[in-house]
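Right, one structure below, let's go through it.
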Amino acid sequence: IHDLFVSFDDTPLGAASLAQVHKAVLHDGRTVAVKVQHPKVQAQSSKDILLMEVLVLAVKQLFPEFEFMWLVDEAKKNLPLELDFLNEGRNAEKVAQMLKHFDFLKVPRIHWDLSTKRVLLMEFVDGGQVNDRDYMERNKIDVNEVRARERGWAGCPAGAGVSRVETSEQTPTCLLSLSQISRHLGKMYSEMIFVNGFVHCDPHPGNVLVRKRPDTGRAEVILLDHGLYQVLTEEFRLDYCRLWQSLIWTDMKRVKKYSQRLGAGDLYPLFACMLTARSWDSVNRGIGQAPVTATEDLEIRNNAANYLPQISQLLSHVPRQMLLIFKTNDLLRGIEASLGTRASASSFLNMSRCCIRALAVHQKKNTCSFLRRTQISFSEVFNLWQISFHELILHVKGLRPARWVSALLCWLFPALH
């Protein structure tokens, strides 16, 4: 250690089942995060999978209606990938390049010269967990969306989830609120799932940090732990796009069609409820029409217990790509719940934008006609404009009349933000 580092903090910044992370300083002065795999994980992993397989087979003998062999298959496929830190480094670089147009996203750089399969050196980036409200308050990342809406400070887009605080120089500053953090996450994951088909599948709060950039003072999302990714086939990605479009715009015939194409069969209502974490009644009324209520949450929890055999059956029949998507959706919803922004209309509309773009790219790729490509482009622009207009209407409905003009100006001239 002393040959490689000027200093190395023996106390880990964080520890998990496979590895732990230490802060260190290289001889050239760079501060790095050193991810070190636990010594016996490689040898132990095959025994763990064997034990899991025995237990799952035992459950199947005792309760034939429960089918969990898919769990063993996924573990066999994914665990070796997670144990290869060079694979994690490649994933990190790929997603950083893929999402480089998002200026609010930070993926730590990899130091390849000092990385191996069991040790990964990364740029050290400090931040607080995405659900750590105390950290956000200490660092003036606003956690009070309601207060921001009520004030509507000059210089900040009224009602857009921002507020003003006084800095040491007593100058007003626009701060990122929880609603914006949630929207950033939604944009990132919609782009990964619907546009690129390359999905970070472990977005729990320990892997999603928030900080204020030291150079600009703007807040950014830091995405960590790139060991587990799902690569979606084009057919699956496009069907999933069309399914979410159908759910957002409440086209129940197409919901049934694309749910069944994704392996749900006659259990398509349950499939739609599992994807959206909404009741079947809410799915039929429109998932963007009303937020989740405590009553609906209770109904979902009760029904989850009642429908466990059907859920097990569904999980064993859907494409394997869907399993990690379910996990990712649930982790993202957990973050949204902790931020108090779960199932907002804005997140669904951002998803719809990505779906429109992804489907338009696919259609243009499969036609040689210039006229047809032009039609597709015009249709894409028109549909995106419709979503923006719909979002503006929803936004204005939530404002007092005195702020309507300000909101309209901010929508027409984004540079004012």
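The values are calculated or read from the model by the stated rules, or taken from the named source; none is laboratory data. Every value quoted in this text rests on a predicted model; they were computed, and no experiment measured them. Because the Cβ atoms are built from the backbone with ideal geometry, glycine has one as well, and the counts that use them run over all protein chains shown. Accessible surface is based on the protein model in full, side chains and every heavy atom, while ligands, DNA and RNA are left aside. Shrake-Rupley method; radii C 1.70, N 1.55, O 1.52, S 1.80 Å.
Tabulated data
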| read-out | value |
| --- | --- |
| Residue under evaluation Gly288, criteria (1) in a helix (DSSP H, G or I); (2) open to solvent by less than 40 Å² (accessible area, probe 1.4 Å), criterion not met | (1) |
| Single unsatisfied condition, Arg357 versus (1) under 20 Å from Thr250 (Cβ atoms); (2) modelled with pLDDT of 90 or more; (3) charged (D, E, K, R) | (1) |
| When residues of the stretch 370-392 are limited to those that are open to solvent by less than 70 Å² (accessible area, probe 1.4 Å) and hydrophobic (A, V, I, L, M, F, W, C), the one modelled with the highest pLDDT | Ile376 |
| Qualifying residue in the stretch 193-209 (condition: acidic (Asp, Glu) and either without any contact (Cβ under 8 Å) to a residue 40 or more places away in the chain or within 20 Å of Asn78 (Cβ to Cβ) (or both)) | yes |
| Filtered residues of the stretch 116-127 (kept if open to solvent by less than 20 Å² (accessible area, probe 1.4 Å) and either hydroxyl-bearing (Ser, Thr, Tyr) or modelled with pLDDT of 95 or more (or both)) | Leu120, Leu121 |
| Per-region count, the stretch 108-144, residues within 24 Å of the chain's Cα centre (by Cα) and either assigned to a loop (DSSP other than H, G, I, E, B) or free of Cβ contacts under 8 Å to residues at least 60 places away in the same chain (or both) | 19 |
| Search result, residues across the stretch 51-72 that are within 29 Å of the chain's Cα centre (by Cα) and open to solvent by 70 Å² or more (accessible area, probe 1.4 Å) | Leu71 |
| Subset of the stretch 199-243 [in a strand (DSSP E or B), closer than 30 Å to Gly263 by Cβ and open to solvent by 10 Å² or more (accessible area, probe 1.4 Å)] | Tyr229, Gln230, Val231 |
| Odd one out for Ala277 among (1) modelled with pLDDT under 95; (2) within 28 Å of Arg90 (Cβ to Cβ) | (2) |
| Positions within the stretch 19-53 being closer than 21 Å to Asn78 by Cβ and either touching a strand residue (DSSP E or B) at 6+ places or on another chain (Cβ under 9 Å) or part of a strand (DSSP E or B) (or both), in sequence order | Ala19, Gln20, Val21, Lys35, Val36, Gln37, His38, Val41 |
| Identity of the residue in the stretch 30-50, of a type in the set (Ser, Thr, Tyr) and either in contact with a Ser or Thr (Cβ under 7 Å, 6 or more places away or on another chain) or over 20 Å from Thr11 (Cα atoms) (or both), that ends up surrounded by the fewest Cβ atoms within 10 Å (Cβ to Cβ) | Ser46 |
| Answer from Ile376, Ile311, Ile387, Ile356 - the residue that is within 20 Å of the chain's Cα centre (by Cα) and not basic (Lys, Arg) | Ile356 |
| Matching residues in the stretch 83-107 - criterion: being more than 19 Å from the chain's Cα centre (by Cα) and either of a type outside the set (A, V, I, L, M) or in a helix (DSSP H, G or I) (or both) | Asp84, Phe85, Leu86, Asn87, Gly89, Arg90 |
